[in-house]
Amino acid sequence: MKNYDFFYELVSTRQSDRGYSNQPIEDDKLSRILEAGRLSPSACNAQPWKFIVVNDPAVKNKLADTTSNRVLGLNHFTKQAPIHIVIVMERANLSSNFGSLVKRKHFPLIDIGIAAEHICLAAKAEGIGSCMIGWFDEVGVKKLLNIPKNKRPVLIITLGYPSKPEIRQKIRKELNQVVCFNQYSEEADSKFWKS
């Protein structure tokens with residue numbers, strides 16, 4: 001398999017896994033996954049993140065409770081995952097903050113999204129499932145993990161070996177619905193898409 005084939009296979013088979021086996025994640029695999037997050041690009045190389053690895057079962061279960069919602073039936077699978085990575089948004093450097101202000105785009109959130117996907121793709125490359133979670137009790141997470149008041153946990157990623165090996169079919173818009181050339185268009189460029 002060529003390198004690019006491996007990459008496209010990763011992209012097409014990475015999914016949000018919501019069921020995990022009780023098999024522990026090996027330390028060397030976890031280190032490589034975290035290294036992929038560390039190496040992520042960021043605006044002005046600000047690296048506005050801190051990754052908190054939660055692998056103590058008691059703490060992990062309390063953290064999982066912050067992601068669940070009985071009324072809406074959300075995220076009840078999180079206790080199954082042996083590891084949670086909490087991404088805390090750190091202060092960006094002066095250049096990134098200035099760019100965020102001038103361009104009215106919060107670059108640290110974009111950067112964290114990139115780092116999170118690096119982590120999830122690296123996990124998939126290691127045979128480990130993942131799921132990004134944005135719905136959780138931030139105050140509860142901060143209290144549980146001793147995160148300073150001026151910091152914000154913005155994302156939790158669950159990691160674990162999937163309990164079910166099947167890959168779900170991706171339901172995505174067609175390429176011609178999300179790509180246009182040289183200018184914005186509601187319609188697909190028929191010359192390109194017919195070839």
Original post:
For the stretch 89-107, which residues satisfy the criterion of being open to solvent by 60 Å² or more (accessible area, probe 1.4 Å) and small (Gly, Ala, Ser)?
Top reply: Ser95
Original post:
Do any residues in the stretch 1-23 that are of a type in the set (Lys, Arg) have Cβ atoms under 6 Å from those of residues that are surrounded by 11 or more Cβ atoms within 10 Å (Cβ to Cβ) and in a loop (DSSP other than H, G, I, E, B), where the two are at least six apart or on different chains, and which pairs are they?
Top reply: Arg18/Phe77
Original post:
Residues in the stretch 30-50 that are crowded, with 17+ Cβ neighbours inside 10 Å and either of a type in the set (Ser, Thr, Tyr) or more than 19 Å from Arg18 (Cβ to Cβ) (or both): how many?
Top reply: 11
Original post:
Only one of these conditions is not met by Met132: (1) open to solvent by 50 Å² or more (accessible area, probe 1.4 Å); (2) farther than 20 Å from Ser40 by Cβ. Which number is it?
Top reply: (2)
Original post:
Give me the pairs: first residue in the stretch 109-125 and under 11 Å from Ile85 (Cβ atoms), second residue hydroxyl-bearing (Ser, Thr, Tyr) and open to solvent by less than 50 Å² (accessible area, probe 1.4 Å), beta-carbon distance under 8 Å, and six or more apart or on different chains, which are they?
Top reply: Ala115/Ser40; Ala115/Ser42; Ile119/Ser130; Cys120/Ser130; Ala123/Ser130
Original post:
Among the residues of the stretch 1-29 satisfying the criterion of being farther than 15 Å from His118 by Cβ and aliphatic (A, V, I, L, M), which is surrounded by the most Cβ atoms within 10 Å (Cβ to Cβ)?
Top reply: Ile25
Original post:
Does the stretch 72-88 contain at least one residue that is free of Cβ contacts under 8 Å to residues at least 12 places away in the same chain and open to solvent by 70 Å² or more (accessible area, probe 1.4 Å)?
Top reply: yes
**OP:** Considering every residue within the stretch 108-122, establish whether at least one is touching a Phe, Trp or Tyr at 6+ places or on another chain (Cβ under 7 Å) and either surrounded by fewer than 21 Cβ atoms within 10 Å (Cβ to Cβ) or not in a helix (DSSP H, G or I) (or both).
**Re:** no
Original post:
For Lys142, which of the numbered conditions (1) charged (D, E, K, R); (2) at pLDDT below 95; (3) buried (at least 17 other Cβ atoms within 10 Å of the Cβ) fails to hold?
Top reply: (2)
Original post:
Looking at the stretch 125-145, which of its residues are touching a helix residue (DSSP H, G or I) at 6+ places or on another chain (Cβ under 6 Å) and within 25 Å of Thr66 (Cβ to Cβ)?
Top reply: Ser130, Met132, Ile133, Phe136, Asp137, Gly140, Val141, Leu144
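Given the stretch 1-100, what helices (runs of 4 or more DSSP H) lie entirely inside it while holding 3 or more residues that are at pLDDT 95 or above and closer than 21 Å to Pro153 by Cα?
27-38, 57-67
With the structure loaded, tell me whether Ile147 is among the β-branched types (Val, Ile, Thr) and either open to solvent by 20 Å² or more (accessible area, probe 1.4 Å) or part of a loop (DSSP other than H, G, I, E, B) (or both) or whether it fails that test. If you could, list the steps in order and put the result at the bottom.
On the way: among the β-branched types (Val, Ile, Thr): yes; either open to solvent by 20 Å² or more (accessible area, probe 1.4 Å) or part of a loop (DSSP other than H, G, I, E, B) (or both): yes.
The answer is yes for Ile147.
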Original post:
Out of all the residues in the stretch 175-187, is one or more among the small types (Gly, Ala, Ser) and surrounded by 12 or more Cβ atoms within 10 Å (Cβ to Cβ)?
Top reply: no
Original post:
Taking into account only those residues within the stretch 58-91 that are aliphatic (A, V, I, L, M) and farther than 26 Å from Ser31 by Cβ, which is nearest to the chain's Cα centre (by Cα)?
Top reply: Leu74
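The values are calculated or read from the model by the stated rules, or taken from the named source; none is laboratory data. From a predicted model like this one, the values you see are computed outputs, not experimental measurements. Cβ atoms come from the backbone with ideal geometry, glycine included; neighbour counts cover every protein chain shown. Quick note on the areas: whole protein, heavy atoms, side chains included, nothing else; ligands and nucleic acids left out. Shrake-Rupley method; radii C 1.70, N 1.55, O 1.52, S 1.80 Å.
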